[in-house]
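Working notes, structure below.
Please treat every number below as a calculation from the coordinates, not as lab data. All of these numbers come straight from a predicted model, not from anything done at the bench. When we count neighbours, we look across all protein chains shown, and the Cβ atoms used for this are built from the backbone with ideal geometry, even at glycine.
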Amino acid sequence: MFGIERNPGKVNEYLHLIDIKQHGFPNTFSVFLAEFNNGVVIIDCGTSKDVRKLLRYMKENNISLDSVKYVIASHHHFDHSGGLWKLYDEIKKYNPRLKIISSLETMNMLNNFENEQHFVRSRETWPILMGKLRKIEEDAFKIINSDEYYKKEGESSNIIDTFTLNDSEVGLAILETPGHAPGHISPLFIKNDSVDFIYFGEALGSLNHSKKLETLPSSAAPDFNYKNYMTSLKKIKELTPFSGGFAHFGFVSGLENVHAIIDDNEYITKDFRQRIIKLYREKPETKYIFDKLTPIAIPRVEIDVDEDSQIYQTLIKFMVTVVYGMMMDLGYRT
Ligand SMILES: [Zn+2]
């Protein structure tokens, strides 16, 4: 089998890829749900509008709400965690011991949605997409402190929890992967002493193709930090994961495929940044830079290039975010 899976359903013996059709489009946002003998882990949940789609998937697949032990928030961005309060409220009725796993930064930024810059800007750029936001009580969170993150050395001490899967054990650990956003984390599952799955979130850009191991950078204004992003990417590469999950969108498996897609994102992120630096010197205009970069992005996206289509227009908006995020990180924009 080729290494990219973008059809929803079970992608390995414990992991479900759920397409919540965010903003009404398929293949936009993946929710990953890990189902073990003694508990369920949900990774990211989308906006408040997406939660009922996730709950419906669970009902259809006989996954009970009282079995959910953790919901993990990779970072605070609304398309990932905007609906967290709602999902928490729903599951908590059945399992009062439910915990949300996140970094401290994520909890604080999420609960400061009225003033936090990502939310302020998103309300201007994507007003109808955001859904409702609400504060979440601090007791709901299991915050991962700096000494609790997964390290390749001494890994056994940094397992957050252990689950059983038929005859084997699967450990849950959390890798700190800032760069796309501060406080970004990547949960991973360890089986037979190796990393069986890691949720990239947006630490590895976005996957917009079902046949090519090619990505796009996932810079976003105002949170992107190139230096941290590249450091996180290298940390992921060092783990030699067997499979990985993109928030936008899908599952990649096989050591070589995962390695290739990490290399690709390292290449394209560097390449975009270098091009922006060069183009900015030629002409310091956002539109000029944007128009030169879009033709490089388009072949990496599996779409019919019909410039009136909604999906094309969404890609263009996404590209603006990427270019602008990198320009801010370079100090070209404030
Ligand atoms: Zn994000």
Next item on the list: Would you please name the chymotrypsin sites (Phe, Trp or Tyr not before Pro) within the stretch 276-329 that are DSSP coil residues with at most 14 other C-beta atoms within 10 Å of their C-beta?
Entry: none
Next item on the list: Return a single number: how many Lys pairs in the stretch 176-334, at a sequence separation of 8 or more or on separate chains, have alpha-carbon atoms below 16 angstrom apart.
Entry: 12
Notebook entry, point to check: Farthest toward the dipole's positive end in the chain, which of 186, 324, 38, given Cβ charges of +1 (Lys, Arg) and -1 (Asp, Glu) about the Cα centre?
Noted result: 324
Check: Can you list the aspartates and glutamates whose alpha carbon sits under 16 Å from that of residue 92, skipping same-chain ones fewer than 8 residues off?
Finding: 66, 137, 138, 139
Next item on the list: Mind ranking 108-120, 235-247, 133-145 by how tightly packed they are, going by the mean number of other C-beta atoms within 10 angstrom, highest first?
Entry: 235-247, 108-120, 133-145
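If you wrap a convex hull around the C-alpha atoms of the stretch 27-80 and split its volume per residue, what is the figure in Å³?
That works out to 85 Å³ per residue.
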Item checked: Rg(Cα) / (2.2 N^0.38 Å) computed for the chain, rounded to two decimals -> 0.94
Item checked: Exposure proxy order (Cβ contacts within 10 Å, fewest to most) of 54, 175 -> 54, 175
Check: What is the order of 44, 196, fewest Cβ neighbours within 10 Å to most?
Finding: 196, 44
Checklist line | Translational diffusion coefficient (Stokes-Einstein; Kirkwood radius from C-alpha pairs) of the stretch 239-311 at 10 °C, 1.306 mPa s, in µm²/s | finding: 109 µm²/s
Check: Going down the list 59/151; 53/142; 99/151, which pairs span over 30 Å between their C-alpha atoms?
Finding: 59/151
Next item on the list: Run through all the Cα pairs of the stretch 39-176 and give the fraction in each 5 Å bin from 0, expressed as whole percent.
Entry: 2, 10, 18, 21, 19, 15, 10, 4, 1, 0, 0
Item checked: Filtered trypsin sites (Lys or Arg not before Pro), the stretch 95-128: DSSP coil and at most 13 other beta carbons within 10 Å -> 97
Note to self: Given the -39500 (n - 2.57) contribution per DSSP H run of 4+ residues, what per-residue ellipticity at 222 nm results for the chain, rounded to the nearest 500 deg cm²/dmol?
What the structure shows: -10500 deg cm²/dmol
Margin query: Just to be sure I understand the rule: take each whole DSSP H helix in the chain, project its Cα atoms onto its long axis, keep it if the span is 24 Å or more and its mean Kyte-Doolittle hydropathy is at least 0.0. Which ones pass?
Written below: 310-329
Item checked: Added length on full extension, which subtracts the Cα-Cα distance from 0.36 nm per residue, residue 120 to residue 332 -> 74.3 nm
Item checked: DSSP-assigned coil residues among GluC sites (Glu not before Pro) in the stretch 242-334, each with at most 15 further Cβ atoms within 10 Å -> 285, 302, 307
Check: Order of 15-25, 267-277 by packing, highest average Cβ count within 10 Å first?
Finding: 15-25, 267-277
Notebook entry, point to check: So between residue 291 and residue 92, what do we pick up on full extension, going 0.36 nm a residue minus the alpha carbon distance?
Noted result: 66.9 nm
